[in-house]
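> I'd like to ask you about the structure that follows.
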Amino acid sequence: MVGPLYDFVANPFGAVRLSFEQAVAASPAVDPVAAFAGKDWGALDLFRDFLLEKGGLSQVPILDASSRQWIQPNSLVRFRGMVQDMLGKELYIGAFQDGSNWRTNKYSDGALFPMPAGCQSAYESNLWERLLLHCVPVPGHNSWAMHSTPPQVFRNVMDNSMYEHGEKRQRDEEIDENNEHGGSPSSKKQKEGEHPCQLNHSSQGSLVQGGFSEPRNGASLSCVIKMYDTPECDLKLNDVFEFIAIYTFDPEVVAYKEDADDLMDDLLDDPLMHLPPSKVPRLHCLICRKLAIQDFVSSPLSVELPSMIKGIRGSLLSHLTQVLGNDGLAGECLLLHLLSRLRARVDAVSVGKLSLNLTGFNGETASIFGNRITSAIQSLLPFSQYIPLTVDYLNTATLQPKKNNQTGRLIPGVLQLAQGTHLTIDESHLQPGNLDSNGVHNARLLKKLIEQLSVEYDFEFYTSEMTADVQLLILSDGKSNIMPADLVLPFCPNAVNSIANPSPEELQSWRWYLDTLRSLPYSSQPDLHQDELVAAMREDRSLGCQQLNRWLTMARLISVSFGEEELSLEHWQMFKEIERLRKERIK
Amino acid sequence: MASSDYSSPYGPPSSPDGHSSPIPNTDSSPPIPPSTNGGRRRRRRTPTPNPNSYQTPTRSSIPPTSPLSNTFSTPRRRGTPSTPLSASDAGDEFSDPADPTPVFVWGTNISVPDVNAAILRFLRNFRGPHDDPDSLEQGKYMRAIDRIIKSEAGESVDVDAHDVFDYDPDLYAKMVRYPLEVLVIFELVLMDMVARLDPSYEKHIQPRIFNLKSSVSMRNLNPSDIEKMVSVKGMIIRCSSIIPVVKEAVFRCLICGYYSDPVLLDRGRINEPTRCGRQECLALNSMTLVHNRCSFTDKQIVKLQETPDEIPEGGTPHTVSIIMHGKLVDSGKPGDRVEITGVYRAMSVRVGPTQRTVKSLFKTYIDCLHLKKTDKSRLHIEDPMERDDNSSTKRTASEDDSLDYEDKVEKLKELAKQPDIYDRLTRSLAPNIWELDDVKRGLLCQLFGGSAVKLQLGTSCRGDINILLVGDPGTSKSQLLQYMHKLSPRGIYTSGRGSSAVGLTAYVTKDPETGETVLESGALVLSDRGVCCIDEFDKMSENARSMLHEVMEQQTVSIAKAGIIASLNARTSVLACANPSGSRYNPRLSVIDNIHLPPTLLSRFDLIYLILDKPDEHTDRRLAKHIVALHFENPESIVHDVLDLPTLTAYISYARKHVHPQLSEEAAEKLVCGYVEMRKRGNFPGSGKKVITATARQIESLIRLSEALARMRFSEWVNGKDVDEAFRLLEVAMQQSATDHATGTIDMDLITTGISASERMRRENLLTATRNLVMDKMQLGGPSTRLTELLEELRKQNSFEVHLNDLRNALATLMSEGIVSLHGDSVKRI
C-alpha cells in the first residue's frame, strides 16, 4: 500500500487542505462556507486514523520547553497543560474562494494562501468561530509524570515500529522516556533532584514578582490553544488536557498595531495582544483529551488481587513509616491522607477530604523530615507543590488568581492548581511578625481552602469561587491556626534512619495503588456506623458534627486502603485504635 | 472596488452625499444623503404640508439602482452577489431595476416604503396600555416627540421594543433581523416628523430601541448574530477615555487655498483627498486637514463582562466590547450592571500595508443603541421593606423587562399557593442543619420581615426582626449564621470578637490626600435593609454592644465626631449568636446569667432561642444518620423536596418587595386577646408576686412576626392563623429563654431586668430573715459576728437554701440601711 500523500506529522496542513478540497468537491452544490461551519469535514477522521489506529501518535513529538527548540512550526505536536485562562472566542473567515478553488483557514493563524483583496467583507456575514485557551504546564508537575504516556498508548509505542522517517532525535526522546521508567534509581534520583527543585524555584521566584504568566527564557512554556468545534461547557478552568495540535510559532516580532487607530485597537483588542505570537506559540487543536491522574500513572503488570493490594499497602506503609522516622501512626495517617479525595459537597460540608497537620516540627526535625516527606510525596503523586510559609511569604506572595481587566487576562496565583494536586505547607519556619493586608488576605484564602476546598478568584468587581480538590498537608510546630486541618497528629520520629531507595517497580505500583484506590466507589451500609456514632456521642458529649465527619472519613479511608468498598467492623475497630493512639499522643 | 469597500451600509462614502458614522443611530447627521450640508438644512426648513412628503427623500435616497442600494447589499449575510445561491434565496425579493414594484433593500425582505409606513403608523398610532385607545390624545410616542421638541433637550426617543412588537410583530422582526436598514428608515421618519412639527428644530432625533423581547447571554453570541439587534446583560469592567472622532473633515489645498467639501467618515477612517478638487489647481498631495472646520463626535469603548451568575462552574467570564457614541458616552461606570441593546458587529482586523499575510480574523463589538442600568446585584436590594409609591412607575420600566421574569414570578406564585409552603420553606432553609425547626422558622420570619410603619411625626416603627441565638458550642449556630448571610440581600457577617463599635456603626476618618474628614460606614450601615449577622456576640466589647441599642430600635446610627454630625440609616435585622458565659449552658442559671448581656439589649431581640445540646438519644441518632448519609449516599438523594438556594432567594426577595400585608380584623382581634391573655398569666390568684409575662415590645414583635408569616404566603392580609403561629413562635422562644427555672413560668422580667420575680421574692425573704436575725441576735455595738456563723444560723432558721453570696447581698442592703457594718468577714451591728 502506498503511504499517504502527505506527511501527517511534518505537514498536517496538507491533510487539512486535501480533505477540505475533497469535501468541497464531493458536494459541489453546497456553499462550503455555510456547510462546513462548526463541523468537521473529515480531516479529523484522517488524523484520528493515523494517530490512534496506525500508531502515529508515537511519532508526534511532545512540546515542552526543551523540545521547543527544534520542533518546526506548522507541524504536529502533543502538548499537555492546564487550562489557565479562557480567552473567549475568535471569529475568522473559515473558508474563502480563491479563483475557482475553495480554501480553508481552519487550523491556521492566517490564510496560507493570499486571500483576494477585499474579500473580508464578502465573508463577513458567515464567519466561523473558535475558542481560545491559555494553557500552562501543570503547576507542580513532578518529573516522573512528565513524559509518561497513557498505558494503552504507551504499549503501542513499545511494539510498534513505525519510525519510518528516521527522526532520530525523536527516537532519542523515546529512549529517554524508557529510561525514566525503567532506568536505574540513581539516574532517577538525579533527575528528580533537578526537576522539582527547578519547579519550586521558578514558582517561588515568580510568586514574589506576581505570577508566572509570561514565559521567560522558555523555562515554562505556555501556549495559546485554539479549539475548534468544541462546546465551551466541556472545558473548565484548571482542567488538565492533552492536545494533539498543529504548532504555529512566529518568532519574528510583528508590529501588531501600526495605525493611527491605536486607541480603538487598544480596547477592542483581545487579551491575545499581551500574548504576542512571537513569544507564545499557538496550537491549533485537532484532538484533545482530558487527563485524569491515572493518565500519568502506568499500571503494574498484574491487576487487583486483594492479596496484592494488601501487599502494596504494606510496602507503601512501611516506606512512609521509614520516611517518617519509624513513626507508625504518622505513617498510617499519611497514607489515609494521601488516599483522601473530595467526594461530594453538601452545602457547606465537604465530604471525603482529610487534611493532615503533623505537629512537632521544629528547627531540626523540620529540615530533615520536611525534605524527606516532600520528596516522598513528589515521587508518589504526579502533581505536588511545597509552600514554605513565612510572614514574608504571606505578605508578598500572590496566592489568589486575579483577573486583570486591563489586559483581560487571569493572572495566576499560587492557589490556581490542577484538580488532585497535593499541597504541602510548611509552617515550621513561621516566625512571629506583622501581617499586612495582603498577608491577612492570603491567610484567609488558605484557611478557606483548607476548610472548604475552594479558592476565591478575584474578578475585580466580584469574586467567584472555584472548587479546588487538593490534598493539604501541614507541617508545623504546634497546632496550626492559619490552616486548621481535619486531622492533627503530633509527630514523634524515633530515629533518623536512612531510607532505602524504592525500586522503580515499587514506585510504579505505589502510584498505581494510590490513584486506583482513591477513585474507589463507596457502598452504603449505614446502620452499623449509626449505632457506633451514637454510642460514641454518649460517651463524649463534646463530639461535634465535624469530628464525627472526620471519623467516618477516616474509617472509610482505612477500608479503602485495603481495596474494599464496604466499611467492615474490623476496619472500624482499626480506626478506633488509631484514634485512641492519636488522642493519647495529643495528651 | 466600490462595492467591496463599503462594509457599512451607512457609509456610501464615495459620493459626497454619503454619510459618515459607522453607527447609524448615534450620528447626528441625517442618514439620508443630501447633496451638501447646506442642502440638508434647506430641505429641512421647507417642509411641505403634504403629510406624505417625508417619503420623497427616502424613496429617492434608496432607489434600487442607486449606488446606495448596492452598499446596502454588500454586507448582507444572504450571500455575495456572485453567489447564485443567494439570488435564488432572495428570489422574489431581489428587485429588477426594471420592475417598479416593490422595492426591497438587496438581500433583505425590507421594502423601504413599507417599513417606512409601518414605522410611521407605529409612531402615530401606538397607544400604551394605560392610554385610552379612543381618546383624541396623541399616542405615547407622539407625545414623547412633542416633549422633546418643546424641551429642546433630547436628541433621542426611547422606543420600547415591546411596544413595537405589540403593535406590529412584523416590524419588530424586521428591526431585529435587519437593524441597520430599519434604523436608518426609522431615523428618517423621525426626522421628517420633527421637521413637520417644528421646522426650526435643529437637533437630530434618533430612535433608541430598548427592552427587546429576548436577551442573549454573552456566551451565546455567535457569528449568526452579526448585524442583528441583540441585547446583552453584563457588568462594565472598563471604560476607555472619551475619544473624539472626526465626523466630517474639511481639507484645504496648501497651494491654492481651496477648501474641499466635507469628507465623511468611511468605516472609521477619513480618506484624505490626494489631489486638490479645483479644476484649475489639481495639485497632488497638497491637501491638509483644517481642524477647526471639522466636526467631531464623542466615542467611547466599554468592556462588558458577564455577571457572575451567568458563568458556568469552572468557567471564566466572557467579555465583549461595546462602542458608545454621543450621548451614551460615560453613561455607565466600571462596576455597573447594565443591559445593552445594540447591533452586534464584526470588524476585520486591519493589516498593515507592510504586512503580506492576509489576516482572516475579525473583532466583534456591539454598537450600543441603548444602555439600561439593572442594579440587581445580590438580588433586589432596593426597598424591600417600605412601600414606596412613586416607585410604581419605575417598576414598570425596570422590572417587567422580560418574559423570563414574568415566568419566574408565576412560578413563585404557584409555589406560594401550595398549602405546605411554610413547611417547605422551613425545610429549605439550611437543609443540612437538622432539627432546630422552630429556630429556622424564626429565621425565616426574619428574612421575610414585617412592614415598617412610618408615623406622621417622623418616628418609625421597625419592621425588622432581631434574633439572638444562644447555645452550646458545636450546635451549628455559626453555620446557620453563614447560611443566613448567604441568603439575605446585603448580608454582612462579622464576628463580635473582631468588631469594634466603629467597625459596626460608622466612623470618621481623615482623607489622606485632601485632609477632609470623611464618614465611613460600618457593617450595620452597610447592611441597611439586610441582615447583619454578628457571631460571638458575647465576646463583643461592652462599648460596641452599647452602640447596638440605637440601631436595634431606632434603626439609625448617629455620629457626632470631628465636626460631622450625622444620622445614618441602618434598617437592618440583627442576627446574633452567643455562647453561654461558661462554655456550656448552665440550666440552673437564668439566660442573663448565662450570656452576660445587658437586659436592655436583650429586650430588643424579638426572638431569643436557646440552642442546647441536650443529651438525647433520638437527636443523636438523627445526627448520626445524617452524617452517615452524607458519606455513604449519593448527595443528590439526601436533599429532598426543598427549594434550591436561587429559588429561595428569589422567593424571599419577591415577597419583600411586592407583598405588604396588613392586619385583618380577625388578626387584630386575636392579637389583642392573646396579649391580654399573656399579661394575665402573670397574675396568679392569691399569689403576691407580680410576674410580667409580656411587654409592649412583645406585641410589636408579634405584629412583625405575623406580617412576616403572611408574606411567606404572598398574602396581603394577616389572618388569624398567622397570629396563632406568631404566638407559638414567640412562646417557644420565650419558653426557652424567659422561663424562670425556679417556678417554670414565663417571666419577662428575666429579660427586662435580669431577675425573675421569684428570685426577687426569694431575695426579699432572705433580707427579712437576715434583718430579723441581726435584730434578734446581735447587740447594738456588740461584738462582731463572723459571716459563716450568721449563715449557719439562717440555714437553721429557714427552710430555704441560703448561699454565702446571697447573704452578702442581703447584708449589703442592710448596710445601706445603716443597720450593720461589714468588715471583711465580720459583721457588726451599729
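> If you scan region A:57-74, which residues turn out to be closer than 24 Å to A:Trp128 by Cβ and surrounded by 20 or more Cβ atoms within 10 Å (Cβ to Cβ)?
Correct list: empty.
> Okay, next question. Take region A:331-346 and flag every residue that is touching a residue at least 12 places away in the same chain (Cβ under 8 Å) and within 12 Å of another protein chain (Cβ to nearest Cβ).
Answer for region A:331-346, where residues must be touching a residue at least 12 places away in the same chain (Cβ under 8 Å) and within 12 Å of another protein chain (Cβ to nearest Cβ): A:Leu342, A:Arg343, A:Arg345.
> Cβ-Cβ below 9 Å, separation at least six or inter-chain, first residue in region B:816-830 and farther than 9 Å from B:Ser784 by Cβ and open to solvent by less than 70 Å² (accessible area, probe 1.4 Å), second hydrophobic (A, V, I, L, M, F, W, C) and part of a strand (DSSP E or B): which pairs?
B:Val820/B:Val827
> Right, something else. Name the residue, out of A:Lys54, A:Lys89, that is over 30 Å from A:Ser222 (Cβ atoms) and either open to solvent by 50 Å² or more (accessible area, probe 1.4 Å) or more than 33 Å from the chain's Cα centre (by Cα) (or both).
On inspection, the qualifying residue turns out to be A:Lys54.
> Scan region B:297-338 for residues that are facing another protein chain (nearest Cβ under 7 Å), touching a Cys at 6+ places or on another chain (Cβ under 8 Å) and open to solvent by 30 Å² or more (accessible area, probe 1.4 Å) and report the count.
Qualifying residue count for the region: 1.
> Report, by residue number, each residue of region A:320-330 that is in contact (Cβ under 8 Å) with a residue 24 or more places away in the chain and either within 28 Å of the chain's Cα centre (by Cα) or assigned to a helix (DSSP H, G or I) (or both).
A:Leu320, A:Gln322, A:Val323, A:Leu324, A:Leu329, A:Ala330
> Taking A:Leu417, is it within 14 Å of chain B (Cβ to nearest Cβ), open to solvent by less than 30 Å² (accessible area, probe 1.4 Å) and modelled with pLDDT of 85 or more?
yes
> Give the residue that is modelled with the highest pLDDT, with candidates limited to residues of region A:63-118 that are under 29 Å from A:Pro28 (Cα atoms), among the aliphatic types (A, V, I, L, M) and not in a strand (DSSP E or B).
A:Ile93
> Any residue at all in region A:368-385 that is open to solvent by less than 10 Å² (accessible area, probe 1.4 Å) and over 26 Å from A:Gln508 (Cα atoms)?
no
> For region A:5-46, what are the residues that are buried (at least 20 other Cβ atoms within 10 Å of the Cβ), of a type in the set (A, V, I, L, M, F, W, C) and closer than 25 Å to A:Glu232 by Cβ?
A:Val16, A:Phe20, A:Val33, A:Phe36, A:Trp41, A:Ala43
> Taking B:Leu589 and the conditions (1) open to solvent by 20 Å² or more (accessible area, probe 1.4 Å); (2) hydrophobic (A, V, I, L, M, F, W, C); (3) modelled with pLDDT of 70 or more, which numbered condition does it fall short on, given that it satisfies the others?
Exception for B:Leu589: condition (3).
> Residue by residue through region B:164-186, note down the ones that are within 35 Å of the chain's Cα centre (by Cα), open to solvent by less than 10 Å² (accessible area, probe 1.4 Å) and of a type outside the set (Val, Ile, Thr).
B:Leu171, B:Met175, B:Tyr178, B:Pro179, B:Leu180, B:Leu183, B:Phe186
> Looking at (1) at pLDDT 50 or above; (2) within 14 Å of chain A (Cβ to nearest Cβ), which is the one condition that is false for B:Thr341?
Failed condition: (2).
Listed here are the residues, each with its yes/no results for (1) in a loop (DSSP other than H, G, I, E, B); (2) open to solvent by less than 10 Å² (accessible area, probe 1.4 Å); (3) free of Cβ contacts under 8 Å to residues at least 60 places away in the same chain.
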position: A:Thr424; (1), (2), (3): no, yes, yes
position: A:Leu435; (1), (2), (3): yes, no, yes
position: A:Asn438; (1), (2), (3): no, no, yes
position: A:His441; (1), (2), (3): no, no, yes
position: A:Leu446; (1), (2), (3): no, yes, yes
position: A:Glu456; (1), (2), (3): no, no, yes
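> Let me confirm something: among B:Ile209, B:Ile226, B:Ile242, B:Ile237, which residue is in contact (Cβ under 8 Å) with a residue 60 or more places away in the chain, within 30 Å of B:Asn116 (Cα to Cα) and within 13 Å of chain A (Cβ to nearest Cβ)?
Sole residue among the options that is in contact (Cβ under 8 Å) with a residue 60 or more places away in the chain, within 30 Å of B:Asn116 (Cα to Cα) and within 13 Å of chain A (Cβ to nearest Cβ): B:Ile226.
> Same structure again: Residues to consider are A:Ser503, A:Ser498; find the one that is over 17 Å from A:Glu565 (Cβ atoms) and either modelled with pLDDT under 75 or crowded, with 18+ Cβ neighbours inside 10 Å (or both).
Testing whether each residue is over 17 Å from A:Glu565 (Cβ atoms) and either modelled with pLDDT under 75 or crowded, with 18+ Cβ neighbours inside 10 Å (or both) leaves just A:Ser498.
> So, one more: Keeping to region B:792-808, report how many residues are open to solvent by less than 90 Å² (accessible area, probe 1.4 Å) and either modelled with pLDDT of 75 or more or under 21 Å from B:Gln779 (Cβ atoms) (or both).
Of the residues in region B:792-808, 4 are open to solvent by less than 90 Å² (accessible area, probe 1.4 Å) and either modelled with pLDDT of 75 or more or under 21 Å from B:Gln779 (Cβ atoms) (or both).
> Residues B:Arg711, B:Arg697: which one is more than 19 Å from B:Ile608 (Cβ to Cβ) and either open to solvent by 50 Å² or more (accessible area, probe 1.4 Å) or modelled with pLDDT of 75 or more (or both)?
From the options B:Arg711, B:Arg697, the qualifying one is B:Arg711.
> So which residues in region A:463-478 are more than 26 Å from the chain's Cα centre (by Cα) and either more than 30 Å from A:Ser367 (Cβ to Cβ) or open to solvent by less than 10 Å² (accessible area, probe 1.4 Å) (or both), if there are any at all?
A:Ser476
The values are calculated or read from the model by the stated rules, or taken from the named source; none is laboratory data. Remember, it's a predicted structure, so these values are computed and weren't measured experimentally. Cβ: placed from backbone, ideal geometry, glycine included. Neighbour counts: every protein chain shown. Areas reflect the complete protein model, heavy atoms only, side chains present, ligands, DNA and RNA absent. Shrake-Rupley method; radii C 1.70, N 1.55, O 1.52, S 1.80 Å.
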